[in-house]
Each structure stands twice: as C-alpha cells, then as structure tokens.
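Okay, so here's the structure we're looking at.
The values are calculated or read from the model by the stated rules, or taken from the named source; none is laboratory data. Keep in mind that this is a model prediction, so the values were computed, not measured. Cβ coordinates were reconstructed from backbone atoms using ideal geometry, including for glycine residues, and neighbour counts include every protein chain displayed. Heavy atoms of the whole protein, side chains included, go into the accessibility calculation; ligands, DNA and RNA do not. Shrake-Rupley method; radii C 1.70, N 1.55, O 1.52, S 1.80 Å.
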Amino acid sequence: MNAPPLPPRSPRAPDGAIRKALRWLVAHHVFGSLFIVVFATAVIAGQVANRTDFANSELAAGVEDRWGAPVTQPAPSLRYVHSGTIFTELKPLAFDRQHVQVKAQMNYRKRGLRYFSGFDFTLDADYAVVNREGRDIDVAFIFPIEMDKSQVLLSELQFLVDGKESSLDLGESGNRLVWTGRIAKDATSRFSIRYRARGLNSFVYKLDPALPARDVRVHFAVEGGENFDYPAGVLSASSVQTASDAVTLDWAFQSLESGVSLGVILPSEKTFDAMVSLMAGRAWVPFIALLALLAALSLRHRRPMALHETYLLAAVYGFFFVLLSYLAAFMNFYVAYAISALGLGAAVVAWARWLFPKERLAVLIGLWGATLIVPTGAVILEGYTGLIYTLEILAALLGLMVLSTRPSVRAFLSDLSQPGEPPRGAVAAAVPATPVTPEAS
C-alpha cells in the first residue's frame with residue numbers, strides 16, 4: 001500500500017523589512033565591531049572614572065601634602081573689658097571696618113589627567129574699631145591662623161597696630177595671633193595684617209556669625225585663569241570683572257547684622273579626565289556612522305569588507321581613546337589629542353585607500369574627520385557642543401540632498417532596489433553586439 005503523497009510546500013514568504021535589516025547588519029559585521037568599540041570605550045571610561053574618584057580622595061590628600069590645601073581664613077575677633085575693673089569674662093566687640101585684599105597667582109598642579117588649582121596668594125587685611133564705651137577699655141585682638149603653616153608655606157607675616165609694627169605672639173598652640181592692649185575713650189584703633197601663603201582649589205573668608213559687621217570690603221584678584229565658582233554656603237560677589245586670563249571679585253557691605261562667609265573656588269583647567277570619559281561614552285554613535293559610510297563605499301566599489309577588516313577598524317577606533325588617555329597623562333592634553341587623532345587617522349586613511357583604491361583621498365579623510373575628530377572636538381569645545389553636532393547633522397543632510405540629484409547616484413540606488421537584476425552597466429556589457437551580415441541585410 002503506497003503512502004499518500006505529501007502536499008507541496010507552500011512557497012517561502014518574502015523576508016520582512018526587519019529581517020532584511022538584520023541580515024544587512026550581520027553581513028556587514030556591525031554587531032561584532034560595535035561590541036569591540038563599546039568594550040574598549042567602556043573599559044577606558046571606567047578606568048578614568050576610577051582615577052577621578054581616586055583623585056578626589058587619596059590623590060587629593062597627597063597633592064595637599066605637597067602643594068597646599070583649601071584655605072579658610074576666619075575673621076579676627078575682638079574682646080574687651082573696662083579698664084581697672086575685675087572681670088571674669090571678656091565681651092565681644094564688633095569691628096567698624098574690615099577691608100581684606102587677596103591677590104592670587106594660579107600655579108596649576110598636574111597628576112595624571114587631573115589638574116589641581118594651586119595658587120600662591122598675598123593677604124592684606126585692615127581692621128578698625130571705635131571705643132564707644134565711654135571709658136578706656138582693655139582689649140584682646142585675636143587673629144586665627146588655623147591652617148597648617150608648613151603645608152601652606154605661611155611666610156612674611158606682619159602685624160601692625162595703629163601703623164606701628166607689633167610683636168608676633170602666636171600663642172602656645174601657634175594657631176592664632178594674639179595682641180592685648182588699651183584703647184582710650186572715643187579713640188579708634190587700627191590693626192593691619194599681611195602674610196603670604198599657598199593654597200589649593202578654594203579660598204574662604206569667614207565673618208563671625210554671632211556679631212554684626214560694618215563696612216566690610218573683600219577684594220579678591222586672580223591671575224592665571226578666569227573661570228571660577230563659589231563654595232557651598234558662600235555669598236556670591238557683589239561685582240565681578242573678567243579679563244584675559246584674570247578675574248576680580250569684590251564683596252562690599254556697609255552693614256551686616258550677622259557675619260557670612262565670602263570666598264571663591266579658584267579657576268581650574270578643563271577636567272580632561274571627565275572629557276575623555278565623555279568622549280568614550282559617546283563613541284559608539286559616530287562609529288555606527290563610520291560603518292554605514294564604509295558600507296556605502298563597499299556597495300559603490302562592489303568590494304565588501306571582510307570580517308577581519310571590519311573588526312580591525314573597530315579595534316583601531318576604540319584604541320584611539322586608550323592612546324589619548326595615556327598620552328595625556330604624560331604630556332599636554334591638546335598635543336596628545338593631535339598625535340592620537342592625526343596619527344591613527346593617517347593610518348586608517350592609508351588602510352582604507354588600500355581597500356578602495358579608486359576612492360578619492362579627500363573622501364576618506366572626510367570620513368575620519370566627520371566620525372571621530374568632529375564628535376570628540378565637540379566635547380573639547382564644551383560651550384559649543386550642541387552647535388557643532390547640529391551643524392554636522394545639517395551638513396550631512398545637505399550633502400545627501402545634493403547626492404540624490406546626481407544621475408550616477410540615482411542609478412546606483414536603482415540597482416540596489418532591484419537585487420535580482422544585474423547592474424545596468426553590466427547588462428549593457430553582457431549583451432553582445434549582433435554583426436550585420438550581407439545575408440541579414
């Protein structure tokens with residue numbers, strides 16, 4: 001007994017758009033090469049992030065030991081008692097004038113990719129107080145020096161009372177300057193202090209929050225940088241003036257019911273560690289664009305890229321960020337960037353010229369510039385990042401519009417839309433010309 005014949009198989013349904021797209025991605029080795037780039041950039045971004053955390057903790061402590069520390073200078077205090085009386089407690093007395101001038105010169109310190117805002121500064125402070133108690137008073141003027149004098153290299157300390165140099169009594173602990181004397185009835189006493197030191201990252205001048213303050217003026221002038229910020233809990237400056245590589249901040253108050261903190265975070269170099277980490281985190285997007293452009297060249301020249309060629313390109317692209325990070329740790333960042341971008345760019349362009357010998361050199365250079373130099377350069381130019389991205393996208397759209405009007409491009413796209421048919425040029429070449437014979441004529 002014969003078995004019944006099997007029903008004929010239904011014809012295979014044509015592939016959908018998603019399946020075609022996946023096949024195209026696999027054929028051009030997109031997934032594997034993208035994994036290589038993502039892996040390389042994730043590793044270098046993680047390393048940079050770890051070093052940044054280290055720089056914010058252990059490395060920062062080492063830098064402070066060598067090159068100074070954040071400076072906090074509390075305002076002096078004045079305590080008094082009526083002359084000739086027996087006292088058990090000194091009463092606080094508010095100053096009638098506090099004029100402080102700080103001149104700082106930036107002295108950046110570099111450790112790896114991280115720059116620290118070191119600065120050398122000179123402080124000149126003038127204070128005045130009027131005796132309104134109706135009789136002579138005995139006072140104690142106390143100027144805190146809470147910083148580590150060896151760490152900040154405190155030097156050239158001078159102390160004047162009513163324009164005359166006075167002895168320096170730093171007390172047993174050495175953390176405050178103390179002067180005791182008498183102020184006559186209705187008289188005004190003036191105190192002047194000057195010293196030189198070095199600091200790191202910030203300077204804060206703290207008024208006594210328990211006392212009112214009158215005629216407060218703080219002038220802070222910085223040379224060697226113009227970007228700045230304010231520490232937490234600090235009152236912003238009344239006026240700011242910026243010039244080329246310099247900034248001046250002024251605080252001026254005629255009367256304050258309670259003291260506040262005044263200060264600034266000193267100018268800093270660009271945070272190159274965060275910059276490299278941001279470049280690496282965004283690298284996969286322009287790399288996809290590079291693969292798409294190379295795939296277009298492959299179709300144009302009918303020379304598909306092999307698996308090892310695509311993976312090699314991905315490795316070189318990801319290695320750019322590794323090379324940049326380590327070169328920048330030992331030399332100027334911008335020099336390291338130029339060496340990495342131009343050096344690897346020259347190698348990639350020469351290699352692509354070997355893959356597509358008929359392609360114009362300018363096109364291959366443009367591919368590297370558009371997919372690596374422009375995206376990473378946009379990160380470096382922080383204030384213009386969005387504008388650079390927008391202009392690059394606009395240039396790409398305009399370029400596509402121009403290309404779509406060219407007959408050769410339109411014919412090429414028509415050939416791609418009919419994969420089952422040979423190219424038009426090939427059809428013309430494949431049809432032999434029929435010779436005209438006398439019999440045929």
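Among the residues of segment 308-353, the one identified as among the aliphatic types (A, V, I, L, M) and touching a His at 6+ places or on another chain (Cβ under 9 Å) is A314. Total residues in segment 376-391 satisfying the condition of being open to solvent by 20 Å² or more (accessible area, probe 1.4 Å) and touching a residue at least 40 places away in the same chain (Cβ under 8 Å): the figure is 1. For beta carbons closer than 6 Å, sequence separation of 6+ or different chains, a first residue in segment 238-254 that is under 14 Å from F203 (Cα atoms) and open to solvent by 50 Å² or more (accessible area, probe 1.4 Å) and a second that is modelled with pLDDT under 95 and assigned to a loop (DSSP other than H, G, I, E, B), there are no qualifying pairs. Cβ-Cβ contacts under 9 Å between residues 6 or more apart (or on different chains), taken from a first residue in segment 161-185 that is among the aromatic types (F, W, Y) to a second residue that is in a strand (DSSP E or B) and surrounded by 12 or more Cβ atoms within 10 Å (Cβ to Cβ), are listed as W179/V139; W179/A140; W179/F141; W179/I142; W179/F143; W179/F159; W179/V161; W179/F191. Within segment 180-224, restricting attention to residues that are among the acidic types (D, E) and not in a loop (DSSP other than H, G, I, E, B), which residue is farthest from G163 (Cα to Cα)? My answer is E223. Flag: V102 does not match the condition of being outside any loop (DSSP other than H, G, I, E, B), modelled with pLDDT under 70 and touching a strand residue (DSSP E or B) at 6+ places or on another chain (Cβ under 6 Å).
Just one of the listed residues (V335, V349) is buried (at least 17 other Cβ atoms within 10 Å of the Cβ) and modelled with pLDDT of 90 or more, namely V349.
Just one residue in the set L290, L297 is surrounded by fewer than 23 Cβ atoms within 10 Å (Cβ to Cβ) and closer than 17 Å to T376 by Cβ; that residue is L290. Here V276 clears all of (1) hydrophobic (A, V, I, L, M, F, W, C); (2) open to solvent by 50 Å² or more (accessible area, probe 1.4 Å); (3) over 21 Å from V100 (Cα atoms) except the condition numbered (2). For segment 205-243, a residue qualifies if it is at pLDDT below 90, closer than 30 Å to F141 by Cβ and among the acidic types (D, E), and exactly one does: D208.
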